[in-house]
1. Please count how many residues of segment 154-173 are more than 16 Å from I102 (Cα to Cα) and not in a loop (DSSP other than H, G, I, E, B).
2. Find the residue count for segment 112-143, including only residues that are under 15 Å from the mean Cα position of the chain (by Cα), over 19 Å from Y179 (Cβ atoms) and of a type in the set (G, A, S).
3. Name the residues in segment 64-78 that are in a strand (DSSP E or B) and at pLDDT below 95, would you?
4. So for segment 115-133 (the condition being part of a strand (DSSP E or B), within 25 Å of F46 (Cα to Cα) and touching a His at 6+ places or on another chain (Cβ under 9 Å)), does at least one residue qualify?
5. Scanning for something in contact with a Ser or Thr (Cβ under 8 Å, 6 or more places away or on another chain), modelled with pLDDT of 90 or more and either surrounded by 14 or more Cβ atoms within 10 Å (Cβ to Cβ) or closer than 27 Å to G149 by Cβ (or both), does segment 11-26 turn up at least one residue?
6. Could you list, in sequence order, the residues of segment 136-169 that are closer than 15 Å to Q82 by Cβ and either of a type in the set (D, E, K, R) or in contact with a His (Cβ under 9 Å, 6 or more places away or on another chain) (or both)?
7. Mind checking which residues of segment 76-90 are surrounded by 13 or more Cβ atoms within 10 Å (Cβ to Cβ) and touching a residue at least 24 places away in the same chain (Cβ under 8 Å)?
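The values are calculated or read from the model by the stated rules, or taken from the named source; none is laboratory data. Fair warning: this is a prediction, and the values are worked out from it, not measured in the lab. Cβ: placed from backbone, ideal geometry, glycine included. Neighbour counts: every protein chain shown.
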Amino acid sequence: MKNNHHLTIFRSLFVLAFLFVFNPIAAQGPSNTPSSSNGFWKNVQFGGGLGLSIGSGYTDITISPSAIYNINSIVGVGTALQFGYVSAKNDYTSTIYGASLITLVNPIPEIQLSVELEEINVNTNYKYYGVSDSFWNTALYVGAGYRTGNVTIGARYNVLFDENNSYYNDAFMPFVRVYF
């Protein structure tokens, strides 16, 4: 029952993100002026993250594409997808997928504040014990970073963190954001 509830939340987030990104295009309607047809897209930035960690019997691969719509020079909103694979030789393999919604606020050009709601599904197969585990993890991050150009470096904190029921080891997480 709990997994169905989280699946419903995930689907709702995905539909909202989809509608947010594509609804403004339809709402603009047809126009004869060339500049108005790309007015929405000139405020969109694409970015995301790639992660690769390989060691002795350990592999961690993460891909997280994202898009941000800049409402104005201070506020931006967007969505991201997340895919991951982790393997520890003779111990476990884990696949991760999910989505997030993010709001970015730049009170001054060098400072970026953020709020991010993330919902991910974690599927883990423990080789030694021959058991599998699958669960949904919800995180609500508040963060701050230093911004220069298209790059922001900072930290975020998961206010919903529960050390007994979380995919992550810690509520505090550093980040690097790059949007073009």
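1. Restricting attention to segment 154-173, the residues satisfying the condition of being more than 16 Å from I102 (Cα to Cα) are 161-172.
Filter again for not in a loop (DSSP other than H, G, I, E, B), leaving 172.
Qualifying residue count for the region: 1.
2. Residues that pass the stated criteria total 1.
3. Selection gives S64 alone.
4. Yes.
5. There is no residue in segment 11-26 that is in contact with a Ser or Thr (Cβ under 8 Å, 6 or more places away or on another chain), modelled with pLDDT of 90 or more and either surrounded by 14 or more Cβ atoms within 10 Å (Cβ to Cβ) or closer than 27 Å to G149 by Cβ (or both).
6. Within segment 136-169, W136, N137, T138, R156 meet the criteria.
7. Matches in segment 76-90: G76, V77, G78, T79, A80, Q82, G84, Y85, V86, S87, A88.
Quick grid of which residues meet (1) among the aromatic types (F, W, Y); (2) surrounded by 13 or more Cβ atoms within 10 Å (Cβ to Cβ):
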site	(1), (2)
T124	no, yes
Y128	yes, no
A144	no, yes
R147	no, yes
V151	no, yes
V159	no, no
D162	no, no
P174	no, no
